[in-house]
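Beneath this line is the structure, given in structure tokens, with notes to follow.
A short reminder: the numbers here are calculations on the coordinates, not readings from a lab. It should be emphasised that the depicted structure is a prediction, and the values quoted were computed from it without experimental measurement. As a convention, Cβ positions derive from the backbone with ideal geometry for all residues, glycine included, and neighbour counts pool all protein chains shown.
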Amino acid sequence: MKLMMVLLVLISRELLTPQWRALLVMPSYWWRDLWLKIAEKQKIAVSVVLALLALLPIFVFAAVLFALKHSYAVAWQLLWAAIILVPVFVDRQLPTILATYREQWSAVERVSKEEFDVARHQLFDTHIKELFAPLFWVFLLGVWGVLLVSFYYSCRICQEQTQNAELSEVAKKALWYLDWLPSQAVVLSFALVGQFMPTWRYWLTRWSDMGVTPQTLVQEAADIAEGNENHNAPYTENIVWLSALATYEALCLRVVMLWVILLVLQLL
């Protein structure tokens, strides 16, 4: 069941056209904007708005999944899970971070370290929010993890909006907690697909440091796993930074492949 869900969302993430992507994510953004209007008119506390916005669909999803579980209709459970999960995974940044900066930096010969750090942070931030965290909760909790992914996605699109800054901040804090455990799993995966011992030692020293954001934890671990932690020149040729970004993206894809392989091995 979990393997079928994962393969379905990964395939849809890559193959759906922009028109289908826009159509599938439209209900989620309509629901968010509806609650933003309600909060503005009724002066509801942002924490209450986020709770209602995120949890009301979950109650409906949970009731349906519970009913389908007792009917032993696995196909119906998979269909309902797909209805929830596919919009989450197809709502991604396109063109990708690598493609975006490849186009931007093609016009200049040298790129600053600060520009590269911004690009690197964006790359890992999008991978965590669009791929790693949702996949992790599905891997861990199966079909019931779909409910947590639904809550996660509601927080994500609330953080992205600019109409209500206070709601964005509350959603950001919720995402920090929801990203913490997936980020630990990603760092351990980096150790398995990259340089094991240095990454493992890094994880042992930082896993309990609550002052480190999940994005920073993953970013620093990726540097160690790929041996790129010594890129400290203030300015470097654009091809060097683009190569580093491509290396990070390839590392993230190896982690996804590792997770799918581990999921397959569970079935044997």
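The table for this structure:
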read-out: Backbone HN-Hα couplings from phi across region 200-210 [Karplus 6.51/-1.76/1.60, Hz, Gly and Pro as x]; value: 4, 5, 4, 4, 4, 8, 10, 4, 9, 7, 6
read-out: Cα-Cα pairs of the chain separated by more than 29 Å (percent); value: 37
read-out: Most fluctuating residue given options Lys129, Lys172, Lys41, as computed from a GNM of the chain linking Cα atoms under 10 Å; value: Lys41
read-out: Within a Gaussian network of the chain (alpha carbon springs, distance under 10 Å), most fluctuating of Val90, Val48, Val255; value: Val48
read-out: Angle between the chain longest axis and helix 18-42 axis [Cα atoms, degrees, rounded to 10]; value: 70
read-out: FRET efficiency for Trp31 and His121, using Cβ-Cβ distance with R0 set to 35 Å, rounded to 0.05; value: 0.75
read-out: Normalised contact order of the chain, rounded percent, pairs of Cα under 8 Å and 6 or more residues apart; value: 24
